[in-house]
Amino acid sequence: MAVELCLSSRLTELLGDRLLYGSATVELNESTFNGSLIALYFVPLGSETVTTDDRALRDLYKTVNENEKTLNIIQICYPDLADDRKYFDELTNDVPWHSVLYEYAEKRIRLRHKYRVGNAETLLILNDSYLEKVHTRNGLKLLSCREKSFPWTNLWNEKICQEALKLSSNESNETIYGLYFSAHWCPPCKAFIPQLIHAYDSIRKRIQFEIIFVSSDRSEQSYNSHASSMPWPSVPYSNTTLRQDLTECFNVLGIPYLVLIDNNGNIITENGRAEITEDPDGVYFPWRRRFVYSLSSRLLPKLQSYPAVVLFIEGDQEEELELAEGVLLPVAQQVAKTRSNALYDLLFFIAPDDCTSDTLRQFTRLTDDTAPLLTLIDIPMARISVMEYGIHITEKSIMNFVLGFFDGTMKFTPIL
């Protein structure tokens, strides 16, 4: 019974307690999907997307479910050019699968960020009713591969990763792997290689760490030249399929790009390049999520995807940062322990008095340069809240402020 309640609670956190099914609203519970594969179908909501051609997806849905329900699709229409009810209805009224309700705008937005969806239609295949593990992000592309049959198991992320990891001489459960996407023609890639080699040598003195080079070179000659500058194995240039599959699997949009994964292909961090730039010796490797971050330019992208408590402080000295962490850390730990949410993580930042903090203040229209200043910045929802002036910033006052976010009583101001 406890497992069912946990599952039902998680689904509700992610999707809401009800789903749209055609023009009807249906209750969501632990038996809704009956153990079938689940595909999240993300569609940008705007006037240009009303003509979305989903015939191939409809055909697949009908075919694979003829005898037994083996595939469930949940459509998420996320705001893009607009969040207009008319466009939403046109996209959802006659689809044969479920959709997240229009009224659940926050869930539609946060789901997009949780699963790292860009500005195009995306079909994610997930492996269970918990909606935890993504098998492939390339469902729409695979629809056109007539020689491949659903559910495309040979092209799932874990299969692709396992093929790549076979190139390493050290396959073990403890090993952390880095997939390094790079090319000879890319000047930043060449500049980063000495930094990466230094970190690689330093980390391997303490931790099992392997790197595999994935080339974006345009000729085998360039590939050979580039690969010869690195002390780790490479995906052969002739294996174009694996190189392309890995690029798509990790949604690589630019190079150099370093992603860290475990032996099952689970992502540890997608920001390996930035982490090495800030931590050249890999002291904090493998750079898992921290309870409290010190805001820097490389971390600004995190704020685009997650709500965050940001404490602006005076100065940028180590002593001031330690004092700020002393009041933020217990709250961050308590939130992680008791207030986890399937839909998003609440991050915690200390913002020292520097250019990055000024940039964030300007972006969020925070004209008051008072410090210390406690805020909750929620860029995905385009809003900000500032703790009432005059309240002393303590562990207790921060916790009370944060609880207002979770219980829905926090007052926000639009930032866009």
Task: Evaluation of Tyr223 against (1) touching an Asp or Glu at 6+ places or on another chain (Cβ under 6 Å); (2) not in a helix (DSSP H, G or I) (one fails), failing number - done: (2)
Task: Meets criteria (at pLDDT below 95 and over 20 Å from Arg110 (Cβ atoms)) for Asp353 - done: yes
Open item on the list: Between Leu123, Leu167, Leu142, Leu155, which is in contact with a helix residue (DSSP H, G or I) (Cβ under 6 Å, 6 or more places away or on another chain), within 30 Å of Ser234 (Cα to Cα) and among the hydrophobic types (A, V, I, L, M, F, W, C)?
Closed with: Leu123
Open item on the list: Looking at segment 400-416 only, could you name the residues that are modelled with pLDDT of 95 or more and open to solvent by less than 40 Å² (accessible area, probe 1.4 Å)?
Closed with: Phe401, Val402, Gly404, Phe405, Met410
TODO: Can you tell me which residue within segment 269-287, out of those that are part of a helix (DSSP H, G or I) and among the acidic types (Asp, Glu), is farthest from Tyr177 (Cα to Cα)?
DONE: Glu278
- [ ] Can you give me the number of residues within segment 146-173 that are over 27 Å from Leu126 (Cβ atoms) and open to solvent by 90 Å² or more (accessible area, probe 1.4 Å)?
- [x] 1
- [ ] Identify all residues within segment 176-212 that are touching a strand residue (DSSP E or B) at 6+ places or on another chain (Cβ under 6 Å) and of a type in the set (A, V, I, L, M, F, W, C); write none if there are none.
- [x] Ile176, Leu179, Phe181, Cys189, Ile203, Phe209, Ile211, Ile212
Open item on the list: Being of a type in the set (D, E, K, R), surrounded by fewer than 18 Cβ atoms within 10 Å (Cβ to Cβ), at pLDDT 85 or above and touching a helix residue (DSSP H, G or I) at 6+ places or on another chain (Cβ under 9 Å) is the requirement here; does Glu27 meet it?
Closed with: no
Open item on the list: When you scan segment 309-327, do you find a residue that is under 23 Å from the mean Cα position of the chain (by Cα), closer than 20 Å to Leu403 by Cβ and open to solvent by 30 Å² or more (accessible area, probe 1.4 Å), even just one?
Closed with: no
Task: segment 198-216, subset farther than 21 Å from Asn263 by Cβ and over 27 Å from the mean Cα position of the chain (by Cα), residue surrounded by the most Cβ atoms within 10 Å (Cβ to Cβ) - done: Ser202
- [ ] Can you give me the number of residues within segment 171-186 that are part of a loop (DSSP other than H, G, I, E, B) and either β-branched (Val, Ile, Thr) or without any contact (Cβ under 8 Å) to a residue 24 or more places away in the chain (or both)?
- [x] 1
- [ ] Please state which of the following conditions Glu325 fails to meet, knowing it meets all the rest: (1) in a loop (DSSP other than H, G, I, E, B); (2) of a type in the set (D, E, K, R); (3) over 21 Å from Glu13 (Cβ atoms).
- [x] (1)
Open item on the list: Restricting to segment 383-399, give me the number of residues that are in a helix (DSSP H, G or I), touching a residue at least 40 places away in the same chain (Cβ under 8 Å) and surrounded by 16 or more Cβ atoms within 10 Å (Cβ to Cβ).
Closed with: 1
- [ ] Taking Leu246 as meeting all but one of (1) free of Cβ contacts under 8 Å to residues at least 60 places away in the same chain; (2) closer than 30 Å to Gly139 by Cβ; (3) open to solvent by less than 50 Å² (accessible area, probe 1.4 Å), write down the number of the exception.
- [x] (1)
TODO: Quick one: in segment 223-243, of everything that is free of Cβ contacts under 8 Å to residues at least 24 places away in the same chain and in contact with a strand residue (DSSP E or B) (Cβ under 7 Å, 6 or more places away or on another chain), which residue is surrounded by the fewest Cβ atoms within 10 Å (Cβ to Cβ)?
DONE: Tyr237
TODO: Would you tally the residues in segment 250-267 being open to solvent by 10 Å² or more (accessible area, probe 1.4 Å) and outside any loop (DSSP other than H, G, I, E, B)?
DONE: 2
TODO: Kindly check whether there is at least one residue in segment 150-162 that is within 22 Å of Ala274 (Cα to Cα) and touching a residue at least 12 places away in the same chain (Cβ under 8 Å).
DONE: no
Open item on the list: List the residue pairs whose Cβ atoms are under 6 Å apart, where the first residue sits in segment 187-211 and is in contact (Cβ under 8 Å) with a residue 60 or more places away in the chain and under 18 Å from Ser169 (Cβ atoms), the second is open to solvent by less than 10 Å² (accessible area, probe 1.4 Å) and assigned to a helix (DSSP H, G or I), and the two are 6 or more positions apart or on different chains.
Closed with: Phe209/Ile203
- [ ] Could you check Val331 against (1) among the hydrophobic types (A, V, I, L, M, F, W, C); (2) over 22 Å from His113 (Cα atoms); (3) modelled with pLDDT under 95 and say which number it fails?
- [x] (3)
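The values are calculated or read from the model by the stated rules, or taken from the named source; none is laboratory data. Fair warning: this is a prediction, and the values are worked out from it, not measured in the lab. Every residue, glycine as well, gets a Cβ built from its backbone with ideal geometry; the counts of neighbours run over all protein chains shown. These accessible areas exclude ligands, DNA and RNA; they are computed on the full protein's heavy atoms, side chains included. Shrake-Rupley method; radii C 1.70, N 1.55, O 1.52, S 1.80 Å.
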